[in-house]
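This report concerns only the one structure given below.
The values are calculated or read from the model by the stated rules, or taken from the named source; none is laboratory data. The structure presented is a predicted model; accordingly, all values stated were derived computationally and were not measured. Positions of Cβ are backbone-derived with ideal geometry, glycine not excepted, and every protein chain shown enters the neighbour counts. Calculation scope for accessible area: heavy atoms of the full protein, side chains included, ligands and nucleic acids excluded. Shrake-Rupley method; radii C 1.70, N 1.55, O 1.52, S 1.80 Å.
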Number of protein chains: 4
Amino acid sequence: MTVLLLSCPDRPGLVAATSTLIHHSGGNIAHADQHADDRHGLFVQRIEFEFPDGRSLDAFRSEFAVLAESLDMEWEMVEPDQRARVALLVSREGHCLLDLLSRIRLGELAADVPVVISNHEDHREITEHYGVPFLHLPVDPVDKSAQQRALLDALKEADVELIVMARYMQILPSEIIDRFPRRIINIHHSFLPAFVGAKPYHQAYDRGVKIIGATAHYATAELDQGPIICQEVTPVSHRDTPDRLIRLGGDLEQTVLARAVRLHLERRILSYANRTVIFD
Amino acid sequence: MTVLLLSCPDRPGLVAATSTLIHHSGGNIAHADQHADDRHGLFVQRIEFEFPDGRSLDAFRSEFAVLAESLDMEWEMVEPDQRARVALLVSREGHCLLDLLSRIRLGELAADVPVVISNHEDHREITEHYGVPFLHLPVDPVDKSAQQRALLDALKEADVELIVMARYMQILPSEIIDRFPRRIINIHHSFLPAFVGAKPYHQAYDRGVKIIGATAHYATAELDQGPIICQEVTPVSHRDTPDRLIRLGGDLEQTVLARAVRLHLERRILSYANRTVIFD
Amino acid sequence: MTVLLLSCPDRPGLVAATSTLIHHSGGNIAHADQHADDRHGLFVQRIEFEFPDGRSLDAFRSEFAVLAESLDMEWEMVEPDQRARVALLVSREGHCLLDLLSRIRLGELAADVPVVISNHEDHREITEHYGVPFLHLPVDPVDKSAQQRALLDALKEADVELIVMARYMQILPSEIIDRFPRRIINIHHSFLPAFVGAKPYHQAYDRGVKIIGATAHYATAELDQGPIICQEVTPVSHRDTPDRLIRLGGDLEQTVLARAVRLHLERRILSYANRTVIFD
Amino acid sequence: MTVLLLSCPDRPGLVAATSTLIHHSGGNIAHADQHADDRHGLFVQRIEFEFPDGRSLDAFRSEFAVLAESLDMEWEMVEPDQRARVALLVSREGHCLLDLLSRIRLGELAADVPVVISNHEDHREITEHYGVPFLHLPVDPVDKSAQQRALLDALKEADVELIVMARYMQILPSEIIDRFPRRIINIHHSFLPAFVGAKPYHQAYDRGVKIIGATAHYATAELDQGPIICQEVTPVSHRDTPDRLIRLGGDLEQTVLARAVRLHLERRILSYANRTVIFD
């Protein structure tokens, strides 16, 4: 199946235009989802289709480009079964890292991991057991810039299209954020926008909330403010100390982060105006 | 907005066909959702559209009928802001009844209730306070047929298009079921298909489950086997006796039933093969 | 059953002390829950017990007072089946009001409502249908103090022990807050502490969250900062406009508020340090 | 902390009896939870306590045995930080296995795994990367008894106190079930008691449910009928094919199974009458 992901200014006839073109070109639409955002005057669509006669995508791509140009579309057309190169960043908490490595190993996520990068040595052995290179880039607390440059170099070198911050507890510099727009997924261990910043489970404990959560979002220049991809919550009680909140939240974090990565790899996310449309 | 709800055998070009017809007739599609069920070879679609020039729906209805005929469609085209006539059936537990009457009163559900019918007198006064006629049809446990005939007569007389069993603890006879296909919504106080039949919260207690639920479904000839519309659950523990399960479940029941009624009134449910597609 | 709710500085032997006293006085403990908060050095306990010989509570109360004095306890001992006098405050959104009135009518909440007070006339008729007096206290936007004084007078006059802000969209003055400490329950239509203040569903839409919530809490001098009693959430998507969020959230609000009121009436809440212990 | 887990016929004074004994012996109770099941006339309790003077548990154990004898108690007294020997059984689906191995690796579960046993070779390599021996015991479909005997021998040899069926798709023979009463945890990939038996996600699809679940329970002689430890659910829709249900359900399975194992290791589960009390 080919996936076509597009957005453009909303106007009448868009659904007819794209589906008619695919149909006339001999394509079969398996799934099509669209969404019109009246507030932003934007139309977004995700179409899964195929050419039963094995026709090449190249010719269709050219035809579609003409239509897209005339309708002022931004679009992406990909084979979803192609594997993505993904870098994983981690600090001391390893549960999200191991969960992602396990899922990739089991074939659940169509990704190759050229490198795991960490500011700590803790997870080298287990990462290498998974057959993945591990790069230790320690942070000098007085001047973080050297580590940040090394990190950017390593990411370029690894030639990745997606970066996953699997509990990487360092703020990325704008050079990295800007180079990978909507290509960096972070897991924040709270139900954003509650408890932005550090130690969110301790914040949650202090506020006495009855539900905690985790939020996967695209990293942007503003800390914890990027477009939200998915969120999950779980009930807690007065019996839950910060330590128990951390443990309960860990399960949410790994599940939510894995889901966000899968949605991204399957091109099910379209992001605009600090929002996401999730085609699931 | 006009709502078009349709289903037909799946084939290429269906999305293009309907959207092109609406577009060429001068209509604007506000929302369109479709679903193709590969296992049943079925295509289903819900479209909200309008004619900005105030053009009559009648002409378009005729045009669409031609297309529908050629594609072997079943379809329904309605103004969603039209109010539906709905009969409410209730026994002793009044929470679903009062919740529905409150929501209708507050304008949340676009329904008129010509009659509330019960096999008990309990809720006459409060029903009449809401300005709704109350009909008491007691059941003779030896021979229920007289009551069932009176119930059918009352439903015909009330000229309703939807019947809501708001905790009505009697089985409807096939004469009523057959006369209102996919027009009777029941709330079952369990997470179906677990705990079919009587006293589901006691069954749940005996089985020691950690989650209970409620299920709204269309009533069919087979008890508790009709197509499921929506379900909700809530966690429970060893501390919850059957009495507490009943109370906890009551909140689920009224919320789930109200949601199912709303989905039905807004033509967001398409049912086939004992399944439902929910366009929400 | 008698309910004993107590808190005191934590120290060894507290569970033994209270249970032994009840046991030696001929009482049977049906349920006992306790919680020790290590961070605050506080012990809190809720005990349900009875005297099978019908012995008067008065004698035991005196005995217990001696123990409580020696252990520096704060405590409350009540018959939970006694009915509470509760005032309901409401503005334009009536769903929480009608839900509470329905539950009280059906005997689900052991409360009597001497008065419903509103800054609008909207819900007079339906309130009076429920047999409850309705008091309209309009707010002068230039000077709210007159209405606030009238409100305080009406609450005193009604001689209530609990005030429920059932979507009352006015800030209560400190004179009222201070007079009813831990006796005012508010429903905030967001998952606090996210989206404090006005129009939380619009804030949620703008932030693009994937889950919305509602929070019942005790009102304190600081807006939306009081101790949280309960919270519920529901998933949302990009398809949900602010209007749909408001409708979806409404179901959460009424369920959560009713649960908080029930917990309060059954003396299942103990509040300290801006936190609550919920004995459920 | 020492954990004391006990059950006995309910009678007045039990809370006082145990807490007084611990208190008089110089012990400090950190947490105590109890539950009285009126229907079964049973009292169950979990107490965490310690002797600040480092006094040996042996003396106290003898004192407690006298009390327990007089009250007809079943009881267990353990150091919760002691590590348990746990065997993991798996078939083809490896996500629960890898999740448990990761959690043990990260120190989240206080367990040692002397052996992973499978009827397939698939997960040998990754298991051995985790430093855990892998035993392949293929099943002869004509006569399974030889494999079952070998499995029992291997479990005896491994000297385990807990067996976790991490998606092990074979029915255990009664010889194994009987030898490890309440010592075998199974994950069933449905919301039991709905969809007992094989291919539950396909059953769920066919029934058209709107929520799917996973259930961790102790294995007993009757398939999928043992006492439930924990359950989790997630919403699904008409868009979810059986394949997608399987993938969505996988996340539930690994989370629920890990939670059940943790509760067991921390002695937070007391099971009687096909029910569980969970002290969390």
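Brief remarks follow.
- Close pairs (7 angstrom Cβ cut-off, 6 or more residues apart or separate chains): at negative phi in the stretch D:253-278, among the acidic types (Asp, Glu) anywhere: D:Gln254/D:Asp99; D:Thr255/A:Asp251; D:Thr255/D:Glu232; D:Val256/D:Glu232; D:Ala258/D:Asp99; D:Leu263/D:Asp280; D:Arg268/D:Asp280
- Against the test of being over 15 Å from the mean Cα position of the chain (by Cα) and in contact (Cβ under 8 Å) with a residue 24 or more places away in the chain, the options B:Ile211, B:Ile187 yield a single qualifying residue, B:Ile211.
- Where strands (runs of 3 or more DSSP E) sit wholly within the stretch C:1-82, those with at least 1 residues that are of a type in the set (Gly, Ala, Ser) occupy C:2-9, C:28-37.
- The stretch C:140-164, subset surrounded by 14 or more Cβ atoms within 10 Å (Cβ to Cβ) and small (Gly, Ala, Ser), residue nearest to C:Ser174 (Cα to Cα): C:Ala150
- Selection of the stretch C:29-72 for residues being of a type outside the set (A, V, I, L, M, F, W, C) and within 12 Å of chain D (Cβ to nearest Cβ) yields C:His31, C:Asp33, C:Gln34, C:His35, C:Asp37, C:Asp38, C:Gln45, C:Glu48, C:Glu50, C:Pro52.
- Breaking point among (1) part of a loop (DSSP other than H, G, I, E, B); (2) not assigned by TED's automatic domain parsing to the domain that holds A:Leu152, for A:Arg92: (2)
- In the stretch B:84-96, the count of residues that are of a type in the set (Ser, Thr, Tyr), in contact with an Asp or Glu (Cβ under 8 Å, 6 or more places away or on another chain) and either open to solvent by less than 30 Å² (accessible area, probe 1.4 Å) or within 14 Å of chain C (Cβ to nearest Cβ) (or both) is zero.
Rundown of residues vs (1) closer than 26 Å to B:Asp122 by Cβ; (2) of a type in the set (Asp, Glu); (3) in contact with a Cys (Cβ under 9 Å, 6 or more places away or on another chain); (4) part of a strand (DSSP E or B), yes/no style:
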| site | (1), (2), (3), (4) |
| --- | --- |
| C:Leu88 | yes, no, yes, yes |
| C:Cys96 | yes, no, no, no |
| C:Val142 | no, no, no, no |
| C:Arg149 | no, no, no, no |
| C:Leu155 | no, no, no, no |
| C:Leu172 | no, no, no, no |
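- Residues in the stretch C:202-221 that are of a type in the set (Ser, Thr, Tyr) and surrounded by 24 or more Cβ atoms within 10 Å (Cβ to Cβ): C:Thr215 only.
Rundown of residues vs (1) out of contact with any helix residue (DSSP H, G or I) (no Cβ under 9 Å at 6 or more places or on another chain); (2) within 29 Å of B:Ala258 (Cα to Cα); (3) aromatic (Phe, Trp, Tyr), yes/no style:
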position	(1), (2), (3)
C:Glu232	no, yes, no
C:Val236	no, yes, no
C:Arg247	no, yes, no
C:Ala260	yes, yes, no
C:Leu263	yes, yes, no
C:Arg268	no, no, no
C:Tyr272	yes, no, yes
C:Arg275	no, no, no
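- Any hit, the stretch C:255-262, residues being modelled with pLDDT under 95 and basic (Lys, Arg): no
- Across the stretch D:262-280, the number of residues qualifying as among the small types (Gly, Ala, Ser) and assigned to a strand (DSSP E or B) comes to 1.
- Hey, A:Ser25 loosely packed, with under 14 Cβ neighbours inside 10 Å and not assigned by TED's automatic domain parsing to the domain that holds A:Leu109 or not: no
- All of (1) more than 9 Å from chain D (Cβ to nearest Cβ); (2) in contact with an Asp or Glu (Cβ under 9 Å, 6 or more places away or on another chain); (3) in contact (Cβ under 8 Å) with a residue 40 or more places away in the chain; (4) not polar (S, T, N, Q) hold for B:Leu245 with one exception: (2).
- Flag for A:Arg267 being under 10 Å from the mean Cα position of the chain (by Cα), at pLDDT below 95 and open to solvent by 20 Å² or more (accessible area, probe 1.4 Å): yes
- Residue ID - nearest to the other protein chains (Cβ to nearest Cβ), chosen from residues in the stretch A:174-218 that are in a helix (DSSP H, G or I) and among the aliphatic types (A, V, I, L, M): A:Ala204
- With respect to being open to solvent by less than 30 Å² (accessible area, probe 1.4 Å) and under 18 Å from A:Arg183 (Cα atoms), A:Val44 falls outside the description.
- Taking the criterion of being among the hydroxyl-bearing types (Ser, Thr, Tyr) and out of contact with any Lys or Arg (no Cβ under 9 Å at 6 or more places or on another chain), the residues of the stretch D:56-99 that qualify are D:Ser56, D:Ser62, D:Ser70.
- The residues listed here are A:Phe64, A:Phe134; of these, the one that is within 30 Å of D:Val90 (Cβ to Cβ) and not charged (D, E, K, R) is A:Phe134.
- In the stretch A:14-26, the residues that are of a type outside the set (A, V, I, L, M) and more than 8 Å from every other protein chain (Cβ to nearest Cβ): A:Thr18, A:His24, A:Ser25, A:Gly26
- For the stretch D:225-261, the set of residues classified as open to solvent by less than 30 Å² (accessible area, probe 1.4 Å), under 12 Å from D:Ala204 (Cβ atoms) and assigned to a strand (DSSP E or B) consists of D:Thr234 only.
- Positions within the stretch B:124-139 being in a loop (DSSP other than H, G, I, E, B) and open to solvent by 20 Å² or more (accessible area, probe 1.4 Å), in sequence order: B:Tyr130, B:Gly131, B:Pro133, B:Leu137, B:Pro138, B:Val139
- Qualifying residue in the stretch A:26-44 (condition: modelled with pLDDT of 90 or more and of a type in the set (S, T, N, Q)): no
- In the stretch D:1-13, the residues that are at pLDDT below 90 and either at the interface with another protein chain (Cβ under 9 Å from one of its Cβ atoms) or closer than 26 Å to B:Asp240 by Cβ (or both): D:Arg11, D:Pro12, D:Gly13
- Against the list (1) more than 10 Å from chain B (Cβ to nearest Cβ); (2) surrounded by 16 or more Cβ atoms within 10 Å (Cβ to Cβ); (3) hydrophobic (A, V, I, L, M, F, W, C), the condition C:Leu101 fails is (1).
- Scanning the stretch B:248-276 for residues being facing another protein chain (nearest Cβ under 7 Å) and either acidic (Asp, Glu) or farther than 14 Å from B:Ala216 by Cα (or both) gives a total of 1.
- Pairing residues of the stretch B:190-201 that are under 14 Å from B:Asp243 (Cα atoms) with residues that are open to solvent by 10 Å² or more (accessible area, probe 1.4 Å) and not in a loop (DSSP other than H, G, I, E, B), at Cβ distances under 7 Å and at least 6 apart in sequence or on separate chains, gives B:Tyr201/B:Ile246.
- One residue stands out among those in the stretch A:104-123 that are within 13 Å of chain D (Cβ to nearest Cβ) and open to solvent by 70 Å² or more (accessible area, probe 1.4 Å): the one that is farthest from A:Arg267 (Cα to Cα), which is A:Asp122.
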